[in-house]
Amino acid sequence: YPLRRQRQMCIRDRNMRNVYVASFFAAAALLLVLSMFLFFNVSEIKIEGVTLYEQDQILGVGGVSTGQNLVRTNTDIVEKRLKDTLVYLDDVKVTKKFPSTLVITCTEAEKAADIEYKNSYYVLSASGKILETKNPAPTGDIPVVKGFELKSLSQGDKLASEDSFKADILKELLNDLHDLKFKNIDSIDLTTRSDIKLMYDGRLEIKLGSSVDMEYKLTSVSYTHLRAHET
């Protein structure tokens, strides 16, 4: 009898543990359902880093509004909508701040160059995206790129050329100019990849030759020729 009683007690304890575990998962499931439908609704949306678009544009394109559920909001979809639709947004990060805040942090595109192509000008961002197409005149205050055969001609497209090497060269060159804080570059001539030329301040032609060691060449030029012409 003692052995049977001990066995019964073990079975009872095991059943109680099963009940506790089942109750825990049921409560967790109920809490999840409630959080998805009743709790954590968005009461505030913060938009940061935007000057070129109105708040209503950001909310409308992103498909977000106060009152929607924060848990069920798909931040990846919101980010994609904004980046794909609003060309002057280079990057978008959407984060949830529980219990009720959605934060949309944007990085706006910067104009880096005008590409001259078929008697029109295509504005290129620093990240390599076409911002504007078929402008009748250059923007001004940014370099005009010559000798570049554009392959992608639509707003929002990534930079591409019939000569793929030229696209890589141009992106590297613009990054180097930005990092070295080069100013007053009027034009970039990429007609011949082995004979890259820059026009500085309308009066000095800089011959870089090929794209090999461009950063080193530009650094050398900035410390010699340009300083000499500015003094």
Accessible surface ranking that places the most exposed of 65, 43 first, with a 1.4 angstrom probe: 43, 65
From largest accessible area down, sort 66, 105; use a 1.4 Å probe on the protein chains. 66, 105
Trypsin sites (Lys or Arg not before Pro) within the range 57-148: which are DSSP loop residues with at most 11 other Cβ atoms inside 10 Å? 72, 118
Considering only protein heavy atoms and a probe of 1.4 Å, how much of the accessible area of the range 70-190 is carbon and sulfur, as a whole percent? 45 percent
Any chance you could list the semi-axes, whole Å, largest first, of the equivalent ellipsoid that the Cα gyration tensor gives for the range 155-199, using √(5λ)? 18, 15, 10
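For the range 109-219, give me the percentage of DSSP beta bridges that are antiparallel, rounded to the nearest 5 percent.
On the way: 20 of 25 bridges.
In the range 109-219, approximately 80 percent of DSSP beta bridges are antiparallel ones.
Report the GluC sites (Glu not before Pro) located in the range 121-202 that are in a DSSP loop and have at most 10 other Cβ atoms inside 10 Å of their Cβ, or state none.
Working: sites: 132, 149, 162, 172; in loops: 149, 162.
For GluC sites (Glu not before Pro) across the range 121-202 that sit outside H, G, I, E and B with at most 10 neighbouring Cβ atoms in 10 Å, the list reads 162.
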What nm value, rounded to one decimal, do you get for the distance between residue 183 and residue 154 when each label is placed 7 Å out toward the C-beta? 3.9 nm
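Quick one: of the DSSP bridges fully inside the range 92-159, what percent are antiparallel, nearest 5?
90 percent
Go through the range 172-203 and name the trypsin sites (Lys or Arg not before Pro) that are in a DSSP coil and have 12 or fewer other Cβ atoms within 10 Å of their Cβ. Present the calculation step by step, with values, prior to reporting the outcome.
Values: sites: 181, 183, 193, 197, 203; in loops: 181, 183, 193, 203.
Listed in order of number, the matching sites are 181, 183, 203.
The values are calculated or read from the model by the stated rules, or taken from the named source; none is laboratory data. As the structure is a prediction and not an experimental result, all values here were calculated from the model. For neighbour counting, all protein chains shown are included, and Cβ atoms are generated from backbone atoms with ideal geometry for every residue, glycine included. Heads up: the accessible areas ignore ligands, DNA and RNA and are worked out on the full protein's heavy atoms, side chains in. Shrake-Rupley method; radii C 1.70, N 1.55, O 1.52, S 1.80 Å.
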